[in-house]
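Chemist: The structure that follows is given in the form of structure tokens.
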Amino acid sequence: MNKKISIMSSVLFFSVAVTLIDAFLHPNYFVRIPIKMVFFLALPMLFFIKNKEAFKEFKKLFVFKKSGILKAFLLGVGVYSVIVGGFLITRNIIDYSNVTSNLTEGMGITADNFLYVSIYISLMNSFLEEFFFRGFGFITLKKYTTRKVAYIFSSVLFAIYHVGMLVGMFGFGTLLLLLFGLIIGGCIFNFLNELNDNVYSSWFVHMFANFAINTVAFILFGIL
């Protein structure tokens, strides 16, 4: 099978599959963890194992380079400030009341276990998403298609993947705004990885974004 078609169909299928599982099955969050590990880590690895040439390129995704880390750190701090600041500014304008109820009823996330969930989200979940959408769905895909197609495809699928989790938490208008922000964020993550040809820069910024989202959740749960 054509490698471009193989990568694109895999990213499309796995992203939509996770979205549908989140939207209709509402699995406990601790059940979602192994599901995502299989879809976002184990299955893409089969592509690299079956394609020796691609496997050589795959190993480069994890070559650490100091260049860009300081910029990624500063950008991460900026992203954290924007997300938390945006929440504090809009908390009396946008209705966030459904967020915690959806997390509890739909995923089994409560104030009691959120600390453990937040650690996983910030560190492991962000890595899985960066490996899948940026390492596999952008850097690897870009070698077999145009740069523009790789940018758009990876970023849009990254946003679609979040639909199942976000639907029900926010109104339609807010949801569209969040999805647009995710597409822009995906493009920024792609650009960061393109500079160093690995996944570390975007993973670093992604962690800070998740730190910010978790901070908001801590506030909504009444922990902070």
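Chemist: Where in the chain are the DSSP H helices whose C-alpha atoms run 18 Å or more along the long axis and whose mean Kyte hydropathy is at least 1.6? Provide the component values of the computation, followed by the final result.
Modeler: Numbers: long enough: 3-20 (25 Å, 1.49); 69-90 (31 Å, 2.03); 147-161 (21 Å, 1.19); 172-196 (37 Å, 1.65); 200-220 (30 Å, 1.19).
Sorted by number, the helices that extend far enough and score high enough are 69-90, 172-196.
Chemist: Here's a follow-up. Quote the relative contact order of the chain in percent (integer), defining contacts as alpha-carbon pairs under 8 Å separated by 6+ residues.
Modeler: Numbers: 230 pairs, mean separation 83.7, N = 224.
Relative contact order here is 37 percent.
Chemist: Within the set Lys4/Lys60; Lys50/Lys71; Lys4/Lys66; Lys66/Lys148, which residue pairs have Cα atoms separated by over 25 Å?
Modeler: Working: Lys4/Lys60 19 Å; Lys50/Lys71 36 Å; Lys4/Lys66 30 Å; Lys66/Lys148 27 Å.
Flagged as over cut-off: Lys50/Lys71; Lys4/Lys66; Lys66/Lys148.
Chemist: Here's a follow-up. Suppose every K and R has +1 on its Cβ and every D and E has -1 on its Cβ; what is the size of the dipole of the chain about the Cα centre, in Debye to the nearest 20? Let's see the in-between values first.
Modeler: Numbers: 18 positive and 10 negative charges, 223 e Å.
The calculated dipole for the chain is roughly 1080 debye.
Chemist: For a quick protection proxy, order the peptides 64-72, 215-223, 143-151 by their average other-Cβ count within 10 Å, most packed first.
Modeler: Numbers: 64-72: 12.4, 215-223: 16.1, 143-151: 14.6.
Top of the packing list down: 215-223, 143-151, 64-72.
Chemist: Next question, about the same structure. Per DSSP H run of n ≥ 4, the term is -39500 (n - 2.57); total these for the chain, divide by its residue number, and report the mean residue ellipticity at 222 nm rounded to 500 deg cm²/dmol. List each step's numbers first, then the result.
Modeler: Numbers: 12 runs with 153 residues, N = 224.
After summing the helix terms and dividing by the residues of the chain, the value is -21500 deg cm²/dmol.
Chemist: Fewest Cβ neighbours within 10 Å first, please rank Asp95, Asp112, Asp22 accordingly. Intermediate results must be reported in sequence, preceding the final value.
Modeler: Details: Asp95 13, Asp112 9, Asp22 22.
In increasing order of surrounding Cβ atoms, one gets Asp112, Asp95, Asp22.
Chemist: In whole angstrom, note down how far apart the Cα centers of segment 63-88 and segment 96-142 are.
Modeler: Result: 18 Å between the Cα centres.
Chemist: Would you mind ranking Val156, Val11 so that the residue whose beta carbon has the fewest other beta carbons within 10 Å leads the list?
Modeler: Numbers: Val156 17, Val11 24.
If I rank by nearby Cβ atoms, fewest first, I get Val156, Val11.
Chemist: So, one more: What residue among Leu123, Val149, Ala23 has its Cα farthest toward the positive end of the dipole of the chain, where the charges are +1 on Lys, Arg and -1 on Asp, Glu, each on the Cβ?
Modeler: Val149
Chemist: Which of the listed residues, Phe132, Phe58, Gly106, is farthest toward the dipole's positive end in segment 48-135, when Lys, Arg count +1 and Asp, Glu count -1 at the beta-carbon?
Modeler: Highest projection toward the positive end goes to Phe58.
Chemist: With a 10 Å Cβ neighbour count serving as the proxy for reagent exposure, in which order, fewest first, do Tyr116, Tyr96 appear?
Modeler: Numbers: Tyr116 12, Tyr96 18.
Least to most surrounded, the residues fall as Tyr116, Tyr96.
None of the figures in this text is laboratory data; all of them are computed from the coordinates on show. Note that the structure is a prediction, hence the values are computed from the model and not measured. Neighbour counts are summed over all protein chains in view; Cβ atoms, including those assigned to glycine, are modelled from backbone coordinates with ideal geometry.
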